[in-house]
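Just below is one structure, and these are the notes that go with it.
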Amino acid sequence: MPRIARLAEATWEGSVARGAGTLTAASSGAFGPLPVTLASRIADPEGKTSPEELLAAAHAGCFVTSLGSELARVGAPPDRMTVRCTVTMDEVEGQGHQIVGSAIEAIAVVGELDAATFDGAVAAADEGCPFSSLLKRAGAEVTVNVRREGGDAGGN
């Protein structure tokens, strides 16, 4: 795979406490401008996004493609997958606010596949997901829970 680079842009006007900004996918134009404020990070988002929400979306998007690839590799390409990701930021003593966790909750609808092979594909998907790796190297806890639907065997 070639080296991949993508560009996003943030703009901001005013003080951090009372100002507001936007986030835009500058490379693709796929989203934006999305409104962002300090309040959308630490309180009710009120229809605005945050870097943490975008990180959760990025991790979910990365994991869903990684899991789809692993299931296809073992001969059971999924019929459908739903991946939800919750990124948690918290105060870490002596370090300020840090991303401390990312929790993946997923449902994969797959055909016939034994439970051990399915579980192996899930583990390989987490291992192969660059966002999971990045977060783990940064010291965040990454949890993955994938429920399987369809086929002849139970899942993870």
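The values are calculated or read from the model by the stated rules, or taken from the named source; none is laboratory data. Treat the numbers as computed from the prediction; the structure is a model and nothing was measured. Cβ atoms come from the backbone with ideal geometry, glycine included; neighbour counts cover every protein chain shown.
What the table below lists for this structure:
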quantity	calculated
Residue, nearest to residue 5 (Cα to Cα), within the range 18-37, restricted to residues that are in contact with a Leu (Cβ under 6 Å, 6 or more places away or on another chain) and of a type in the set (A, V, I, L, M, F, W, C)	26
From the options 54, 23, residue that is surrounded by 17 or more Cβ atoms within 10 Å (Cβ to Cβ), assigned to a strand (DSSP E or B) and out of contact with any helix residue (DSSP H, G or I) (no Cβ under 6 Å at 6 or more places or on another chain)	23
Condition met for residue 79 (in contact (Cβ under 8 Å) with a residue 40 or more places away in the chain and of a type in the set (Asp, Glu))	yes
The range 112-134: number of residues that are closer than 15 Å to residue 64 by Cα, of a type outside the set (S, T, N, Q), within 19 Å of the chain's Cα centre (by Cα) and not in a loop (DSSP other than H, G, I, E, B)	10
The range 61-82, residues that are surrounded by fewer than 14 Cβ atoms within 10 Å (Cβ to Cβ), charged (D, E, K, R) and assigned to a helix (DSSP H, G or I)	73
Subset of the range 83-127 [surrounded by fewer than 17 Cβ atoms within 10 Å (Cβ to Cβ) and in contact (Cβ under 8 Å) with a residue 60 or more places away in the chain]	none
Residue identified as of a type in the set (Asp, Glu), closer than 30 Å to residue 20 by Cα and touching a Ser or Thr at 6+ places or on another chain (Cβ under 8 Å) among 46, 105	46
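Condition check ((1) at pLDDT 95 or above; (2) touching a strand residue (DSSP E or B) at 6+ places or on another chain (Cβ under 9 Å)) across all residues:
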| residue | (1), (2) |
| --- | --- |
| 43 | no, no |
| 50 | no, yes |
| 71 | yes, yes |
| 86 | yes, yes |
| 94 | yes, no |
| 104 | yes, yes |
| 107 | yes, yes |
| 127 | yes, no |
| 147 | yes, yes |
